[in-house]
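Colleague: Dropping the structure in here first, questions after.
The values are calculated or read from the model by the stated rules, or taken from the named source; none is laboratory data. If you're wondering where the values come from, they're calculated on a predicted model, not measured in any experiment. Note: ideal-geometry Cβ built from the backbone for every residue, glycine included; neighbour counts use all protein chains shown.
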Amino acid sequence: MNGWKRSGRGTKARLVATFEEQESTVLRGLVGEVRQMLEGRASEAPADELAALTGIRTGPSKRPDDRVLARLLPDFTSEDMDLAAGLRSLHEPELIEGKQNAAQAVLDALPEAGGKVELTPEQSDVWLTALNDVRLALGTALDISEEMPEELPPDDPRAPHLGVYHWLTFVQDSLVQARTRLL
């Protein structure tokens, strides 16, 4: 992938990129993993008779134990733990649904064998959501920090995955840059 480019003008403007097969496979795999994690969390929602009657969904009130999920689904406030639990229970199902829909949009648009991807500005915003989630998940799993060097020693088990993280950063940044040129 050489980055996202603008194609067309006005209402016909699109953002276009071509993914190699390996790039498509990696991105589809990572997006799929994040989606599975979110599905697992959604399945933890408590059964609630009132929710069944009213259609109001509720989710778990406790923060995820898994640190990657906790990064994807942060507390809504840190001021009051009871308030945080209540807000999580009310809003987490909708947050998960939005993240799952963004992940599915990437999976739907990204050819399995690689190839051209063409996005409307609105679709690019959805892609940015999914790319951000994947980067957050991978960055958390790899313990990425500002102090981390650009490259790790070859014997560091995170070294092979750091290159994928940097590539994801490029894909996301390239899309942000192309998207801002459409404004």
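Colleague: Just a yes or no: is a residue in region 159-166 exposed (fewer than 14 other Cβ atoms within 10 Å of the Cβ), part of a loop (DSSP other than H, G, I, E, B) and at pLDDT below 95?
Modeller: Looking through region 159-166, none of the residues is exposed (fewer than 14 other Cβ atoms within 10 Å of the Cβ), part of a loop (DSSP other than H, G, I, E, B) and at pLDDT below 95.
Colleague: For region 43-55, check the following and say yes or no: at least one residue is surrounded by fewer than 15 Cβ atoms within 10 Å (Cβ to Cβ) and on the phi > 0 side of the Ramachandran plot.
Modeller: Among the residues of region 43-55, at least one is surrounded by fewer than 15 Cβ atoms within 10 Å (Cβ to Cβ) and on the phi > 0 side of the Ramachandran plot, which makes the answer yes.
Colleague: Would you be able to tell me the number of residues in region 46-67 that are over 21 Å from the mean Cα position of the chain (by Cα) and either of a type in the set (Asp, Glu) or part of a loop (DSSP other than H, G, I, E, B) (or both)? Walk me through how you get there before you give the answer.
Modeller: The first filter runs over region 46-67 and keeps only residues over 21 Å from the mean Cα position of the chain (by Cα), leaving 46-58, 61-62.
Subsequent filtering for residues that are either of a type in the set (Asp, Glu) or part of a loop (DSSP other than H, G, I, E, B) (or both) retains 46-49, 55-58, 61-62.
Residues meeting the conditions: 10.
Okay, residues lined up against (1) touching a residue at least 24 places away in the same chain (Cβ under 8 Å); (2) within 20 Å of GLY40 (Cβ to Cβ); (3) out of contact with any helix residue (DSSP H, G or I) (no Cβ under 9 Å at 6 or more places or on another chain); (4) of a type outside the set (Lys, Arg):
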site: LEU72; (1), (2), (3), (4): yes, yes, no, yes
site: ALA109; (1), (2), (3), (4): no, no, no, yes
site: ASP125; (1), (2), (3), (4): yes, no, no, yes
site: LEU136; (1), (2), (3), (4): yes, yes, no, yes
site: PRO153; (1), (2), (3), (4): no, no, no, yes
site: LEU162; (1), (2), (3), (4): no, no, yes, yes
site: LEU182; (1), (2), (3), (4): yes, no, no, yes
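Colleague: Checking the conditions here, which among ALA105, ALA70 is small (Gly, Ala, Ser), surrounded by fewer than 17 Cβ atoms within 10 Å (Cβ to Cβ) and either assigned to a loop (DSSP other than H, G, I, E, B) or on the phi < 0 side of the Ramachandran plot (or both)? Steps first, answer last, please.
Modeller: Numbers: ALA105 fails: surrounded by fewer than 17 Cβ atoms within 10 Å (Cβ to Cβ).
Every option except ALA70 fails the conditions.
Colleague: What tally of residues in region 130-158 results from selecting those that are surrounded by 13 or more Cβ atoms within 10 Å (Cβ to Cβ) and either touching a Ser or Thr at 6+ places or on another chain (Cβ under 6 Å) or under 30 Å from GLU97 (Cβ atoms) (or both)?
Modeller: 14
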